[in-house]
Amino acid sequence: IYAQSTQASFAAGTIQLSGLFNNRSKQAFALGVPLLKPEKSDNFTAGIGVSPSKNFSFTLDFYSITIKERIVYSSSINTSDKLLANPTTELGRILKGNSTGAGTFDLASVQFFINGIKTQTQGLDLVANYKNINLGSGKLGINLAGNYTLKNKIVGTPNNPAAIKSANATILSTQIISLLEEGRPLYKAVLGLDYHVNKFSVNLNNTLFGTTQFQDLDNGANYGTYISNAIDPDRSPMEDIKQRFSPGVVTDLNLGYNFTDNIDFSVTVNNIFNV
């Protein structure tokens, strides 16, 4: 509710503010941003667990999570209307503030937290364990855990306050939408090996992070820079350019020794191969 982080810069002969304004600020009130309220969610899970033997077991679960009134950090709200001597939109007048004349304004842009969207996330979780495998003088355990995202989408349209909507602005830019829907790996899996012999133990974990991608409108052009797009005149070609990340595996190793039943010593090296 009270989180705020604003920056002041000197431009066009005046000091301009931009950044995150708290939910109870006069700027948020003027824009018609409502007070924050708790999110509401509906969670549904269904799964199966099997133990064919005392040393082997696995579970497979499906989950569906719908969050209503989800709190999001808005995109940077701005409009060129603030540059006019007499802005024609409420958003332009709010950004212009007490400044007078063309080309001057008090606020360069504003951001805030808002109960802005409804989202739905669905996926599968798998966990499997096989323990007490005889290997040499010790025992080996194999652990596998994985998650696959079936759906992660914004449902419906964002709750744009009237002053923002009337200025053809939105609380969710293409960049913010990309972060919400595509910013996490499509899948993730962890394969762990545990080996115990006498008082020594070795644990090796390999974590696979799946593909992901990110849309950044700052990668060469701003929205609306290009208006010659035959498919959608209001869409910038830069909106179809995304940074894509290939799958990667992070390997962690732990070596341990039990001096007594109450005293252990261990050394862990994370991300051995610097991935």
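The values are calculated or read from the model by the stated rules, or taken from the named source; none is laboratory data. Model, not experiment: these values are computed from the prediction. As a convention, Cβ positions derive from the backbone with ideal geometry for all residues, glycine included, and neighbour counts pool all protein chains shown. SASA here: full protein model, heavy atoms, side chains in, ligands and nucleic acids out. Shrake-Rupley method; radii C 1.70, N 1.55, O 1.52, S 1.80 Å.
A Cβ distance below 6 Å, combined with a sequence gap of six or more or placement on separate chains, defines the contacts here; from the stretch 89-118, residues that are more than 14 Å from Val72 (Cα to Cα) and open to solvent by 10 Å² or more (accessible area, probe 1.4 Å) reach residues that are modelled with pLDDT of 80 or more and among the acidic types (Asp, Glu) in the pairs Thr89/Asp81. Scanning the stretch 25-77 for residues that are under 30 Å from Glu90 (Cα atoms) and among the β-branched types (Val, Ile, Thr) turns up Val33, Ile71, Val72, Ile77. Looking only at residues of the stretch 31-67 that are assigned to a strand (DSSP E or B), among the β-branched types (Val, Ile, Thr) and within 23 Å of the chain's Cα centre (by Cα), we find that the one that is farthest from Ser166 (Cα to Cα) is Thr45.
Annotation: of all residues in the stretch 251-265 being in contact (Cβ under 8 Å) with a residue 24 or more places away in the chain and surrounded by 10 or more Cβ atoms within 10 Å (Cβ to Cβ), the one that is farthest from Leu191 (Cα to Cα) is Asn258. Just one of (1) more than 34 Å from the chain's Cα centre (by Cα); (2) open to solvent by 70 Å² or more (accessible area, probe 1.4 Å); (3) not small (Gly, Ala, Ser) fails for Ile133. It is (2). Filtered by the rule that a residue be outside any loop (DSSP other than H, G, I, E, B) and buried (at least 18 other Cβ atoms within 10 Å of the Cβ), the stretch 161-173 gives Ala163, Ile164. The residue of the stretch 41-64 that is nearest to Leu126 (Cα to Cα), among those that are among the aliphatic types (A, V, I, L, M) and surrounded by fewer than 13 Cβ atoms within 10 Å (Cβ to Cβ), is Ile48.
Of all the criteria given as (1) open to solvent by less than 40 Å² (accessible area, probe 1.4 Å); (2) farther than 30 Å from Leu144 by Cα, the one not satisfied by Ile71 is (1).
Listed here are the strands (runs of 3 or more DSSP E) enclosed by the stretch 193-249 that have at least 2 residues being of a type outside the set (Ser, Thr, Tyr), at pLDDT 95 or above and open to solvent by less than 90 Å² (accessible area, probe 1.4 Å): 200-209. Checked against (1) surrounded by fewer than 17 Cβ atoms within 10 Å (Cβ to Cβ); (2) at pLDDT below 95; (3) within 21 Å of the chain's Cα centre (by Cα), Ile177 passes all but a single condition, namely (1).
Within the stretch 137-147, identify whether any single residue is outside any strand (DSSP E or B), surrounded by fewer than 17 Cβ atoms within 10 Å (Cβ to Cβ) and either among the aromatic types (Phe, Trp, Tyr) or at pLDDT 90 or above (or both), and answer yes or no. Yes: the stretch 137-147 contains one or more residues that are outside any strand (DSSP E or B), surrounded by fewer than 17 Cβ atoms within 10 Å (Cβ to Cβ) and either among the aromatic types (Phe, Trp, Tyr) or at pLDDT 90 or above (or both).
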